[in-house]
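Reading through the structure tokens given below for one structure.
The values are calculated or read from the model by the stated rules, or taken from the named source; none is laboratory data. Bear in mind that the values here come from a model prediction, so they are computed numbers and not experimental data. Backbone-built Cβ (ideal geometry, glycine too); neighbour counts: all protein chains shown.
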Amino acid sequence: MTKVFIDGREGTTGLKIYERLGARKDIEILAISDEHRKEPAARQEYINKSDITFLCLPDESAKESVGLCQNAGTVIIDASTAHRTCPGWAYGFPELSQVHRNKIKDGKRIAVPGCHASGFISLAYPLVSENILPADYPLVCYSLTGYSGGGKKMIAEYESSDRSGLLDSPRQYGISQNHKHLKEMQHICGLSRAPIFSPIVADYPQGMEVSLPLYRDMLTGVDSARRLYEFFREYYRDQKMIEVLPYAGEGVLDRSFIASNMYSGDNRMYILIAGNDERILLCSLFDNLGKGASGAAVQCMNISLGMDEAYSLV
């Protein structure tokens, strides 16, 4: 029986992890009382007697929790931004390469990717690593997400009966071009310049659509959009948690419309290649609370435990 502690279980990601693990017979969830959940000494006790600790906390609190761990056998899986580019931490996206998968399997410190970053990296990393996309390409990325990604405060704001009418419209944010996922997006993909990144939150609960448009003549070894589709289909071949959709969404999309919530409630990620032979559109579609957060965290736990990575997820 694997002992699991969720530090920050009351947040959106923590609640989802608890929900996903609650029905599993191989997991014992160590539950700290509400009155002690913010006390360092109590948290330290639970962290050190766990086999796996999930951190679903603000960055500074996550760093504090890591410092509380004195048990060399405890695996920490951090869902915050705090450790995603830190040396010694495995980046929790096993589909990127066998190296990434091995680090998750063998490591004691695992950083769960950010939701927007997951979509961007799923598209950009393979191209850069295979020398198709130059590291200095001036990338522009749009990411449309449901409001649940903003946590309890944003959920309450959107679901309030007397909410502002401005919430009826999609809202772009991160307009200073300093979004917290940018560092991760650039670092993991090995880009020499940060992309221009425009995240947008809209009036629906869950689902994410990350778009990356590219000029074909600025790529190496790719002569058409279909050729790029074939590249991604081969790159993610046999992956359980990522599927490359039919070219241009044939038989999948509704009249060529891409709905950002089409995979809400799903723990997998779906890659779509469309556009034309001059301008190619790459899209990553997934649930911001699934492969974009708690689903990815549980996948990393399964790999760390030597289990089927998709167990309890598909």
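Report every pair of residues separated by at least 6 positions or lying on different chains whose Cβ atoms are under 6 Å apart, first residue within segment 303-314 and surrounded by 13 or more Cβ atoms within 10 Å (Cβ to Cβ) and modelled with pLDDT of 95 or more, second of a type in the set (D, E, K, R) and not in a loop (DSSP other than H, G, I, E, B).
Sorted first by the residue in segment 303-314, then by its partner, the pairs are Ile303/Lys105.
In this structure, does Glu243 turn out to be charged (D, E, K, R), free of Cβ contacts under 8 Å to residues at least 24 places away in the same chain and over 21 Å from Arg84 (Cβ atoms)?
On the way: charged (D, E, K, R): yes; free of Cβ contacts under 8 Å to residues at least 24 places away in the same chain: no; over 21 Å from Arg84 (Cβ atoms): yes.
It is false that Glu243 is charged (D, E, K, R), free of Cβ contacts under 8 Å to residues at least 24 places away in the same chain and over 21 Å from Arg84 (Cβ atoms).
Restricted to segment 167-187, and to residues that are without any contact (Cβ under 8 Å) to a residue 24 or more places away in the chain and of a type in the set (A, V, I, L, M), which residue is farthest from Gly92 (Cα to Cα)?
Among residues in segment 167-187 that are without any contact (Cβ under 8 Å) to a residue 24 or more places away in the chain and of a type in the set (A, V, I, L, M), the one farthest from Gly92 (Cα to Cα) is Ile175.
Within the set of pairs 6 or more residues apart or between chains, which connect a residue that is within 9 Å of Glu184 (Cβ to Cβ) inside segment 113-124 to a residue that is of a type in the set (Lys, Arg) with Cβ atoms less than 8 Å apart?
Close Cβ pairs satisfying both conditions: Pro113/Arg84; Gly114/Arg84; Gly114/Lys180; Ala117/Arg84.
Give the residues of segment 176-208 that are over 14 Å from the mean Cα position of the chain (by Cα), among the aliphatic types (A, V, I, L, M) and either in a loop (DSSP other than H, G, I, E, B) or within 27 Å of Ser161 (Cβ to Cβ) (or both), sorted by residue number.
Matches in segment 176-208: Leu191, Ala194, Ile200, Val201, Ala202.
Is it the case that Val252 is more than 23 Å from Ala117 (Cβ to Cβ), modelled with pLDDT under 95 and out of contact with any strand residue (DSSP E or B) (no Cβ under 6 Å at 6 or more places or on another chain)?
Against the criterion (more than 23 Å from Ala117 (Cβ to Cβ), modelled with pLDDT under 95 and out of contact with any strand residue (DSSP E or B) (no Cβ under 6 Å at 6 or more places or on another chain)), Val252 qualifies.
Answer with yes or no whether Gly22 is modelled with pLDDT under 95 and within 19 Å of Gly149 (Cα to Cα).
No; evaluated as a whole, the condition is false for this residue.
Out of the strands (runs of 3 or more DSSP E) lying entirely within segment 242-314, which hold 3 or more residues that are over 26 Å from Gly8 (Cβ atoms) and under 16 Å from the mean Cα position of the chain (by Cα)?
Filter on segment 242-314 gives 279-286.
Looking at segment 96-124 only, could you name the residues that are more than 10 Å from the chain's Cα centre (by Cα) and over 25 Å from Leu305 (Cα atoms)?
Hits for segment 96-124 are Leu123, Ala124.
Within segment 98-147, restricting attention to residues that are assigned to a helix (DSSP H, G or I) and aliphatic (A, V, I, L, M), which residue is farthest from Pro195 (Cα to Cα)?
By that ranking, first place goes to Ile104.
Do the conditions hold for Leu127, that is, is it over 18 Å from the mean Cα position of the chain (by Cα) and buried (at least 20 other Cβ atoms within 10 Å of the Cβ)?
It is true that Leu127 is over 18 Å from the mean Cα position of the chain (by Cα) and buried (at least 20 other Cβ atoms within 10 Å of the Cβ).
Taking Tyr235 as the residue in question, decide whether it is within 19 Å of the chain's Cα centre (by Cα), farther than 24 Å from Asn267 by Cα and modelled with pLDDT of 95 or more.
no
Limited to segment 225-241, what total is found for residues that are in a loop (DSSP other than H, G, I, E, B) and surrounded by 14 or more Cβ atoms within 10 Å (Cβ to Cβ)?
The number of residues fulfilling the criteria is 4.
Can you name the residue in segment 159-175 that is surrounded by 13 or more Cβ atoms within 10 Å (Cβ to Cβ) and in a loop (DSSP other than H, G, I, E, B) and, of all such residues, is nearest to the chain's Cα centre (by Cα)?
Among them, the one singled out is Gly174.
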